[in-house]
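Inspection log for the structure reproduced underneath, given as structure tokens.
The values are calculated or read from the model by the stated rules, or taken from the named source; none is laboratory data. These figures come from a predicted structure and were not determined experimentally. Glycine also receives a Cβ, built like all others from the backbone with ideal geometry; neighbour counts cover every protein chain displayed. Each accessible area value is taken on the protein alone, full model and side chains, heavy atoms only, with ligands, DNA and RNA left out. Shrake-Rupley method; radii C 1.70, N 1.55, O 1.52, S 1.80 Å.
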Amino acid sequence: MSRVKWADCFDPMGRVHGLPTFPWRFAPDGLATRRQLRALGLRPGGQDIAGQVLRPRRRRDPLTAYLYRVDRALPVRPMTPAKTAALERANAARRTCPSCRTDAGYVISTSLGMCVPCAYPTNSAPPDSV
């Protein structure tokens, strides 16, 4: 499915793609993507995919987003105290420098692998003047 045109993305009966398919931004009311459900405070809740939206791209396969029925979606599960504590510990581990073992106050870059002062130490002695 390499060369898909905008008109090929409109298949509301699902005869071509097997699922009801709509062009990007033209999904009918009552269907939403995972992100749209999350913005409403909902989750798919184990329901089957109700459709898809396709966004054609040049020289590549189209982008696909699956759609779920809003009326069958369930509310998002609340955050438990154990999950909150685990998330705080994980974020603290991402802020701790493995070299100096201090909290950097920010998430340490994976490309450096340590905090900025450890990665780029400054020389306390002034440079030699000629």
Handout entry: Unique residue being touching a Pro at 6+ places or on another chain (Cβ under 6 Å) and either among the hydroxyl-bearing types (Ser, Thr, Tyr) or modelled with pLDDT of 90 or more (or both) when the list is Pro20, Pro56
Key = Pro20
Completion exercise
Of the residues in the range 79-98, those that are open to solvent by 70 Å² or more (accessible area, probe 1.4 Å) and over 30 Å from Arg43 (Cβ atoms) come to Pro98
Handout entry: Residues that are at pLDDT 95 or above and either of a type outside the set (A, V, I, L, M, F, W, C) or at positive phi (or both), drawn from the range 31-46
Key = Thr33, Arg34, Arg35, Gln36, Arg38, Gly41, Arg43, Pro44
Completion exercise
Among Gly45, Gly18, the single one that is in a loop (DSSP other than H, G, I, E, B), within 30 Å of Arg77 (Cα to Cα), of a type outside the set (A, V, I, L, M, F, W, C) and open to solvent by less than 80 Å² (accessible area, probe 1.4 Å) is Gly45
Completion exercise
Of (1) of a type outside the set (Gly, Ala, Ser); (2) without any contact (Cβ under 8 Å) to a residue 24 or more places away in the chain; (3) out of contact with any Cys (no Cβ under 9 Å at 6 or more places or on another chain); (4) not in a loop (DSSP other than H, G, I, E, B), Cys118 fails just (3)
Handout entry: In the range 21-32, the residues that are open to solvent by 30 Å² or more (accessible area, probe 1.4 Å) and touching a strand residue (DSSP E or B) at 6+ places or on another chain (Cβ under 8 Å)
Key = Trp24, Arg25, Phe26, Ala27, Pro28, Gly30, Leu31
